[in-house]
There are 2 protein chains.
Amino acid sequence: MSVDDAEALPERTRRRRAPKPHAAGVKAVAAAAGVSLGTVSNVLNRPEVVSPLTRAKVEAAMASLGFVRNESARQLRAGSSRILAYVMLDAGNPFFTDVAKGVEEAAQAAGLSVFLCTSSEDADREAAYLDLLEQQRVQGILITPIDQNSSRLRKLPSRGTPVVVVDRALDDASHCSVAVNDVLGGELAISHLLELGHERIAYVGGPNTIGQVIDRRDGARRALRTAGKPMSNLIELTTGALTVAEGRGAGQRLAGLPADRRPTAAFCANDLLALGLLQQCVSLGLRVPEDLAIVGYDDIEFAEAAAVPLTSVRQPRQLLGRTAAELLLDESSNPDHEHQRVTFTPELVVRTSTRGTL
Amino acid sequence: MSVDDAEALPERTRRRRAPKPHAAGVKAVAAAAGVSLGTVSNVLNRPEVVSPLTRAKVEAAMASLGFVRNESARQLRAGSSRILAYVMLDAGNPFFTDVAKGVEEAAQAAGLSVFLCTSSEDADREAAYLDLLEQQRVQGILITPIDQNSSRLRKLPSRGTPVVVVDRALDDASHCSVAVNDVLGGELAISHLLELGHERIAYVGGPNTIGQVIDRRDGARRALRTAGKPMSNLIELTTGALTVAEGRGAGQRLAGLPADRRPTAAFCANDLLALGLLQQCVSLGLRVPEDLAIVGYDDIEFAEAAAVPLTSVRQPRQLLGRTAAELLLDESSNPDHEHQRVTFTPELVVRTSTRGTL
DNA sequence: GCACTCTCTTGAAACCTTTCATCCAAACTC
DNA sequence: GAGTTTGGATGAAAGGTTTCAAGAGAGTGC
């Protein structure tokens with residue numbers, strides 16, 4: 001022990017400040033249990049390789065120290081996340097929450113958790129969430145995109161984050177997609193109304209930038225064509241959004257028409273519109289379906305619960321979500337996964353709003 | 001170059017396999033831009049300290065390499081998360097999605113992102129989410145808990161994850177909570193019905209394990225007491241859940257009663273019940289409000305949109321969410337934060353279902 | 001020219017976990 | 001009893017970022 005020794009040590013006062021006050025880590029647990037670091041990790045990740053006695057000691061130490069595994073560190077080292085995200089367009093529309101339920105079902109079955117994010121139809125928020133999720137290195141992203149041609153969206157898969165597009169049929173080869181045949185849905189709705197003898201039919205929907213709105217209208221036109229009716233029988237009422245409030249506005253416009261020019265039936269691009277329309281028309285004295293028959297789209301729970309139960313085009317909502325999640329899981333686990341485009345078939349549910357009582 | 005040199009090197013074939021194929025990190029960016037690691041980090045976190053020229057070079061390198069910051073590593077080192085979570089009871093109930101909207105507003109204003117989780121009224125799922133979020137070291141958790149006395153819930157704050165309880169008044173001192181005065185809400189509803197001259201009034205709600213259901217009923221009773229009416233004027237119909245389907249069931253029971261014993265008004269513990277009740281009663285030939293007046297609770301969007309617009313007790317849903325998020329932010333940033341219990345006041349919105357036209 | 005500032009840049013350490021090659025001792029094998 | 005197998009435990013290295021004390025140049029004042 002020479003004096004030199006003492007001087008040789010630089011004054012290591014470099015004290016990094018501890019970011020968080022205290023939080024027991026594997027190290028502390030290992031010390032408390034009298035085992036090594038690696039053993040604690042084994043208890044956490046491969047409990048079967050550690051002897052029951054040691055395991056018990058470690059588990060006791062964890063409990064008494066209130067150990068909480070640091071997921072960031074785990075993920076950094078292990079490189080895998082147990083999380084999957086669904087970026088929805090609008091949490092207020094029951095259609096999407098039902099899809100989310102399907103997603104969660106499938107995820108739970110695979111032992112994963114789901115985080116829900118809502119873009120609220122705001123492209124900036126959507127972009128921010130996509131960046132965040134990519135940085136988090138989530139297992140995969142399910143999304144009903146605002147703009148399906150966004151470059152951000154297209155780049156994700158090539159950088160290692162699988163993406164599945166929900167409720168939009170995508171012509172792009174970089175993702176899977178799950179959708180419902182909207183053209184057919186529109187056709188079903190209008191055929192039904194034509195069979196009931198309606199001649200002048202309104203199509204309520206908008207804006208015309210939304211794929212769904214266009215497809216459903218095209219389906220409506222096709223049904224007219226098939227029945228040999230003139231295209232002018234379809235009166236288009238364009239709305240600014242697919243909301244209850246817009247539906248009410250459309251009802252106002254419709255009810256304002258003279259009875260001999262007013263359509264006798266209306267087909268709405270979704271149920272929210274239809275519910276608004278229904279409410280407004282009834283409150284303005286029109287009888288549904290005698291004066292105006294109404295068909296909605298989505299068959300959300302509130303469609304059936306409306307005081308005049310709504311005829312609607314049903315989509316397999318939960319199945320949509322479940323399938324999307326399953327495609328995502330396949331993509332991230334199966335090395336020779338191939339992108340698919342799954343299309344479901346909608347179904348008409350007839351209720352009082354078109355058929356009257358019985 | 002002696003032979004010894006060659007032999008001195010142990011054969012370091014210890015090749016750890018690369019977990020992920022390739023993903024440009026700060027290191028690669030630094031190399032590409034010809035700067036040091038620390039500079040790249042500065043561009044990311046303190047752009048103002050790096051010269052414009054260098055910054056441009058680094059940013060160009062990032063873009064061309066498709067650099068995506070690894071959030072796990074960031075969080076591990078920096079110790080802070082930019083995420084906040086809201087664990088909801090039921091995404092299908094518009095009440096909760098509106099609360100979520102408020103949460104997101106406040107979070108966005110503070111530069112944070114929100115992940116939504118749904119427990120679907122399942123205690124195990126709730127527990128799993130809480131564990132996961134704690135392991136993720138999120139900034140904080142907002143929750144409408146299934147069981148507010150859960151030990152897991154109570155332990156979280158002491159381990160460093162702030163919690164705010166939403167829509168439940170908590171007697172515990174370890175969290176903030178934000179709620180609405182449900183007793184008062186019940187009182188408002190019944191007072192309104194009494195003023196309209198109703199004598200026999202049904203209270204539809206359940207199960208009686210839910211705080212809200214009990215409080216709203218107690219409010220109803222208090223209103224009767226205040227008005228000097230006998231308690232037997234309140235006929236209780238207990239339901240199994242707060243859903244549309246259960247509401248329909250209650251409607252069936254109600255409509256089945258002989259007219260002289262049937263209540264002339266019903267107060268439902270939430271709007272989903274009220275909508276189901278409304279639908280069933282109308283379809284069974286009762287007129288609303290002439291034969292049966294109905295008051296709901298929550299004033300969700302579909303209450304107003306029902307064909308007979310529903311009188312309902314409105315809660316400041318978004319404000320609830322916003323306030324909860326703000327309390328959480330205060331707790332995690334303000335060192336001398338004090339737990340609060342905020343209670344909002346509900347408001348009666350009168351519509352056709354009690355007052356008839358006009 | 002010299003001593004100082006000031007502005008940027010640098011690189012090693014630290015964050016907490018998982019992984020895996022090694023090691024140890026006890027139990028078999030012949 | 002020498003050699004081999006086996007069941008468990010070990011600890012150093014690695015993963016990608018942020019932080020911060022210290023270094024490098026350029027500029028300024030006298």
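Helix A:317-333 versus the longest principal axis of chain A: what angle, 0 to 90°, nearest 10, using Cα atoms?
So the helix axis and the longest Cα principal axis differ by about 40 degrees.
Please express the Cα-Cα pair-distance distribution P(r) of chain B as a list of whole percents, one per 10 Å bin, running from 0 to the bin with the greatest distance.
Going from the shortest bin to the longest, the percentages are 5, 20, 22, 18, 13, 8, 7, 4, 2, 1, 0, 0.
Once the mean 1/r over all distinct Cα pairs of the range A:70-213 is inverted, what Kirkwood radius in angstroms do you read off? If you can, show how the numbers build up before the last one.
On the way: mean 1/r = 0.0586 Å⁻¹.
Answer for the range A:70-213: a Kirkwood hydrodynamic radius of 17.1 Å.
Measuring nothing but label to label, 7 Å from Cα along Cα→Cβ, what are B:E236's distances to the other copies in nm, shortest first?
Nearest first, the other copies' label points are 5.7 nm away.
So how tilted is helix B:211-227 from the main axis of chain B? Cα-based, degrees 0 to 90, rounded to 10.
30
Net charge within 14 Å of A:R225 by Cβ-Cβ distance, Lys/Arg positive one each and Asp/Glu negative one each, not counting A:R225 itself?
+2
Measure out, as a whole number of angstrom, how far apart the alpha-carbon centroids of the range A:41-93 and the range B:48-73 sit.
The distance from the Cα centre of the range A:41-93 to that of the range B:48-73 comes to 32 Å.
Can you list, shortest first in nanometers, how far A:R261 lies from the same residue in the other copies, with each label 7 Å from Cα toward Cβ?
Inter-copy label distances (nm, one decimal, shortest first): 5.7.
Which distances, shortest first and in nm, link A:E195 to the matching position in the other copies, using label points set 7 Å out along Cα to C-beta?
Ordered by increasing distance: 5.0 nm.
Go ahead and run the numbers for FRET between B:A63 and A:D124, Cβ-Cβ distance against an R0 of 22 Å, rounding to 0.05. Intermediate values should be presented prior to the final figure.
Working: r = 20 Å, r/R0 = 0.89.
With R0 = 22 Å, the Cβ-Cβ based efficiency is 0.65.
Applying a 10 Å radius around every beta-carbon, put A:52-61, B:271-280, A:325-334 in order of their mean neighbour count, most first.
Working: A:52-61: 15.9, B:271-280: 28.8, A:325-334: 19.9.
Ranking, from highest mean packing down: B:271-280, A:325-334, A:52-61.
I'd like the Karplus ³J(HN,Hα) series for the range A:51-58: coefficients 6.51, -1.76, 1.60, θ = phi - 60°, whole numbers in Hz, and an x wherever there's a Gly or Pro.
Result, rounded to whole Hz: 5, x, 5, 4, 4, 4, 4, 5.
Give me the tail of P(r) for the range A:96-171 as a percent: Cα-Cα pairs with distance above 22 Å.
20
Return an integer: the convex hull volume of the alpha-carbon atoms of the range A:33-153, in Å³ per residue.
Values: hull volume 16.5 nm³, N = 121.
About 136 Å³ per residue, rounded to a whole number.
Over 5 Å intervals from 0, what percent of Cα-Cα pairs in the range A:200-358 sits in each interval?
Binned Cα distances yield the sequence 2, 9, 17, 20, 18, 13, 8, 5, 4, 3, 1, 1, 0.
Quickly estimate the mean residue ellipticity at 222 nm for chain A, helices only: each DSSP H run with n ≥ 4 gives -39500 (n - 2.57), and the total goes over all residues, rounded to 500.
One gets -14000 deg cm²/dmol as the mean residue ellipticity at 222 nm.
Among the DSSP beta bridges whose two residues both lie in the protein assembly as shown, what percent are antiparallel, rounded to the nearest 5?
If I count the DSSP bridges inside the protein assembly as shown, around 10 percent turn out antiparallel.
Using a cut-off of 14 Å between beta-carbons, work out the net charge of the residues near A:A110 (Lys and Arg +1, Asp and Glu -1, A:A110 not included).
Neighbour charge sum, excluding A:A110 itself: -3.
Give the lysines reachable from A:K229 as a straight Cα distance under 16 Å; neighbours fewer than 8 places away on the same chain don't count.
Partners within reach: none.
What does the average come to when, for each residue of peptide B:299-305, you count the partner chain Cβ atoms lying within 10 Å of its Cβ? Could you put the intermediate results ahead of the total?
Working: counts 0, 2, 8, 10, 0, 6, 15.
Across B:299-305, the average partner-chain Cβ count within 10 Å equals 6.
Mind giving me the FRET efficiency for B:A173 and B:L37? R0 is 51 Å, r the Cβ-Cβ distance, nearest 0.05 is fine.
Working from the Cβ atoms, E equals 0.65.
In degrees, nearest 10, range 0 to 90: what is the angle between the Cα axis of helix B:244-255 and the longest Cα principal axis of chain B?
The angle comes out at about 10 degrees.
Given the protein assembly as shown, what whole percent of its Cα pairs are spread farther than 51 Å?
I get 23 percent for the Cα pairs in the protein assembly as shown exceeding 51 Å.
Taking 4 °C and 1.567 mPa s as the conditions, I'd like the Stokes-Einstein D for the range A:18-69 in µm²/s, using the Kirkwood hydrodynamic radius from alpha carbon pairs.
Estimated diffusion coefficient is 118 µm²/s.
Greater than 29 Å separation of Cα atoms is the criterion. Which listed pairs, B:K101/B:K155; A:K155/B:K57; A:K27/B:K57, meet it?
Working: B:K101/B:K155 27 Å; A:K155/B:K57 22 Å; A:K27/B:K57 41 Å.
Check vs 29 Å cut-off fails for A:K27/B:K57.
Using θ = phi - 60° and the Karplus relation 6.51 cos²θ - 1.76 cosθ + 1.60, list the HN-Hα couplings for the range A:158-173 in order, rounded to whole Hz, with x at every Gly or Pro.
For the range A:158-173, the Karplus curve yields 5, 9, x, 10, x, 10, 10, 8, 10, 6, 9, 8, 10, 8, 8, 9 Hz.
Counting only other chains, what is the mean number of Cβ atoms within 10 angstrom of the Cβ of each residue in peptide A:277-284?
Working: counts 1, 3, 7, 2, 1, 4, 5, 0.
Mean partner-chain Cβ count within 10 Å for A:277-284: 3.
Of all GluC sites (Glu not before Pro) in the range A:239-308, which ones are in loop regions per DSSP and have a Cβ with at most 12 other Cβ atoms within 10 Å?
A:E290
Output ³J(HN,Hα) for the range A:89-100: one whole-Hz value per residue in order, computed from phi by the Karplus curve 6.51 cos²θ - 1.76 cosθ + 1.60 with θ = phi - 60°, and x for Gly and Pro.
Values, residue by residue: 6, 7, 5, x, 9, x, 3, 6, 5, 6, 4, 4 Hz.
Sort largest first and round to whole Å: the equivalent ellipsoid semi-axes of the range A:169-223, each the square root of five times a Cα gyration tensor eigenvalue.
With the √(5λ) rule applied to the range A:169-223, the semi-axes are 26, 12, 6 Å.
If you count, for every residue in B:62-75, the Cβ atoms of partner chains within 10 Å of its Cβ, what is the mean?
That works out to 5 on average.
For the peptides B:40-46, B:217-223, what is the packing order when you average, over each peptide's residues, the other Cβ atoms within 10 Å and list the highest mean first?
Working: B:40-46: 17.4, B:217-223: 20.7.
Ranked from most to least packed, the peptides come out as B:217-223, B:40-46.
I'd like the distance separating the alpha-carbon centroids of the range A:210-234 and the range B:136-162, in whole Å.
53
How big is the range B:267-358 in terms of Cα radius of gyration and Dmax, in angstroms?
Taking only Cα atoms of the range B:267-358, I get Rg and Dmax of 18.0, 61 Å.
Between B:Y203 and residues 5 or more places away or on another chain, which pairs have amide H atoms under 5 Å apart, with H built 1.01 Å from N, and which residues are they?
B:I235, B:E236, B:L237, B:F267
What length, rounded to one decimal in nm, is gained on full extension from B:N149 through to B:A245, with 0.36 nm per residue of separation minus their alpha-carbon distance?
So the extension gain works out to 31.6 nm.
Starting from the amide H of B:D299, placed 1.01 Å from N in the peptide plane, find each other amide H under 5 Å away whose residue is 5 or more places distant or on another chain.
Under 5 Å from the amide H of B:D299: B:D271, B:V313.
Under a Cβ-only charge scheme (Lys and Arg +1, Asp and Glu -1), can you give me the dipole magnitude of the protein assembly as shown about the Cα centre, in debye to the nearest 20?
Its charge dipole is roughly 980 debye.
By per-residue mean of other Cβ atoms within 10 Å, what is the highest-first order of B:204-216, B:130-142?
B:130-142, B:204-216
Only the coordinates and a few stated rules stand behind these numbers; no lab work does. In this text the structure is predicted, and so the values were computed from the model without any measurement. Neighbour counts are summed over all protein chains in view; Cβ atoms, including those assigned to glycine, are modelled from backbone coordinates with ideal geometry.
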